[in-house]
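K.L.:
Provided herewith is a single structure, encoded as structure tokens, for subsequent inquiry.
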Amino acid sequence: MTRSPTERTLQASADDHRIASLAALAIALGMVDAAIPSPLPGVKPGLANIMTLFALHTLGWRAAVWVTLLRVVGAGLLLGSLFTPGFWLSLGGALASLLLLGACRVLPSRHFSLVSHSLLAAQAHLLGQLLLVRLFLIPYDNILLLFPPLALTALLGGLANGLIASHLVQAHDKD
Amino acid sequence: MFKAGDYLVLLALCALLVVAFLQLGRHAGEASEVIVRQNGSETVRLPLRLNRLHVARGPLGLTEIEIRDGQARIRRDPSPRQYCVQQGWLRHSGDIAVCLPNRVSIELAGPRLAHDSLAY
């Protein structure tokens, strides 16, 4: 077969492969997240975000954005929730926390570790979701009453994920 | 692994959380509806978030109940001393205005007072 003049081959770089494998791990952790029974809608450990944090600290912010967006779409496909309200909430939370992680780069790494990033990103995730719910799903201010209890779970989840991710980064740096 | 700034972030978020829960406690004490009673028995419950004028008919005449901006008051009443009208706007859960001669009263209720309907 003759080659078409418009045919292009894309070369996947080593970083592309790393991003793909981190995204795959994130999707797997996303399945674990979905399988854990939750007492309240919105309460989730968010284990998949460990991979976002790991990508952020080993490959940089752009890689973290890729890993997260691939994870949100991939988990949506696997759970059958693609383009449902739950999917948009997950995307909204992910984008809010990615923006905050981008802004977190101004924090000096001498004083602030990955745990800070995780804690702040967890709250940004919650705020992004609540904002989306308030604007589109339940346009009534009473929804904001959910903020304190959810913020508490986000704090605990953010702390746990931050600690796990920083263990992973340390183990990775030793190799 | 834990650095000084991390404790700072954790502390700040904890403080924020305490403030948020305190606000929640205050919000729970807010009134959400008006209970209108005639002859001592409840006739109607009106939500505070909708502005409206409700008229109750008592033995002396009409009592006008006004709801505006999350507050309620007796706007007009045929009672001779006008005590319930002079009470002005009611804002908090548990606030009561009673027009005794016309046998009409209003009481503001919040989520906490509504508890008995859940228990039974």
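Rule-based calculations on the coordinates, nothing more; no lab input. The model shown is predicted, which means the values in this text are computed figures rather than measured ones. Note: ideal-geometry Cβ built from the backbone for every residue, glycine included; neighbour counts use all protein chains shown.
K.L.:
Using the Cα atoms of the protein assembly as shown, I'd like the radius of gyration and the largest Cα-Cα distance, Dmax, both in angstrom.
P.N.:
27.8, 103
K.L.:
Same structure, new question: Rounded to the nearest 500, what is the 222 nm mean residue ellipticity of chain A from helices alone, with -39500 (n - 2.57) per DSSP H run of 4+ residues and division by all residues?
P.N.:
Helix contribution divided over all residues of chain A: -23000 deg cm²/dmol.
K.L.:
May I pose another question? Residues with amide H under 5 Å of B:L48's amide H, sequence separation 5 or more or different chain, H placed in the peptide plane at 1.01 Å from N; which?
P.N.:
The list, which skips near neighbours in sequence, is B:E33, B:V34.
K.L.:
Given the Cα-Cα distance of B:D69 and B:L50 and 0.36 nm per residue of separation, how much length would full extension add, in nm?
P.N.:
Taking B:D69 through B:L50 to full extension adds about 6.1 nm, to one decimal.
K.L.:
OK, next. Please name which of B:I74, A:I36, A:L98 has its Cα lying farthest along the dipole of the protein assembly as shown towards the positive end, using unit charges on Cβ (Lys, Arg +1; Asp, Glu -1) and the Cα centre as origin.
P.N.:
B:I74
K.L.:
Continuing with this model, one more query. Explain nothing, just compute: Karplus ³J(HN,Hα) = 6.51 cos²θ - 1.76 cosθ + 1.60, θ = phi - 60°, for every residue of segment B:2-9 in order, whole Hz, x for Gly and Pro.
P.N.:
For segment B:2-9, the Karplus-derived couplings read 7, 10, 3, x, 5, 4, 4, 4 Hz, x marking Gly and Pro.
K.L.:
May I ask you to list the residues of segment A:65-95 whose amide nitrogen lies under 19 Å from a point 7 Å from Cα along the Cα→beta-carbon direction of A:S13?
P.N.:
A:65-70
K.L.:
Okay, next question. Please get the size of the charge dipole for chain A, origin at its Cα centre, with Cβ charges of +1 on Lys and Arg and -1 on Asp and Glu, quoted in debye to the nearest 20.
P.N.:
The calculation lands at about 180 debye.
K.L.:
Using amide H atoms built in the peptide plane, which far-off residues or other-chain residues are under 5 Å from A:S113 H to H?
P.N.:
Answer set, sorted by chain and number: B:K3, B:D6.
K.L.:
Starting from the alpha-carbon convex hull of chain B, give the projected area averaged over all orientations, in nm².
P.N.:
Seen from a random direction, the Cα hull of chain B projects 10.6 nm² on average.
K.L.:
What's the average, rounded to a whole number, of partner chain beta-carbon atoms within 10 Å of each residue's beta-carbon in B:86-95?
P.N.:
0
K.L.:
Sticking with this one: From other protein chains only, count the Cβ atoms within 10 Å of every residue's Cβ in B:6-19, then give the mean.
P.N.:
Mean partner shielding for this stretch: 5.
K.L.:
Something else: Between B:R76 and B:C14, what is the FRET efficiency for a Förster distance of 41 Å, r being their Cβ-Cβ separation, to the nearest 0.05?
P.N.:
Computed FRET efficiency for B:R76 and B:C14 comes out at 0.20.
K.L.:
A further question on this structure: Taking every residue in A:104-114, how many Cβ atoms of other protein chains lie within 10 Å of its Cβ, on average?
P.N.:
Per-residue shielding by partner chains comes out at 3.
K.L.:
Please pull out the direction-averaged projected area of segment A:15-174, using the convex hull of its alpha-carbon atoms, in nm² to one decimal place.
P.N.:
9.3
K.L.:
Might you report the magnitude of the Cβ-based charge dipole of the protein assembly as shown about its Cα centre, with Lys and Arg at +1 and Asp and Glu at -1, to the nearest 20 debye?
P.N.:
500
K.L.:
Using amide H atoms built in the peptide plane, which far-off residues or other-chain residues are under 5 Å from B:R76 H to H?
P.N.:
Here the answer is B:E64, since their amide H atoms fall under 5 Å of that of B:R76.
K.L.:
Could you line up A:S81, A:S90, A:S116 from fewest to most neighbouring Cβ atoms inside 10 Å?
P.N.:
Neighbour counts put them in this order, fewest first: A:S81, A:S116, A:S90.
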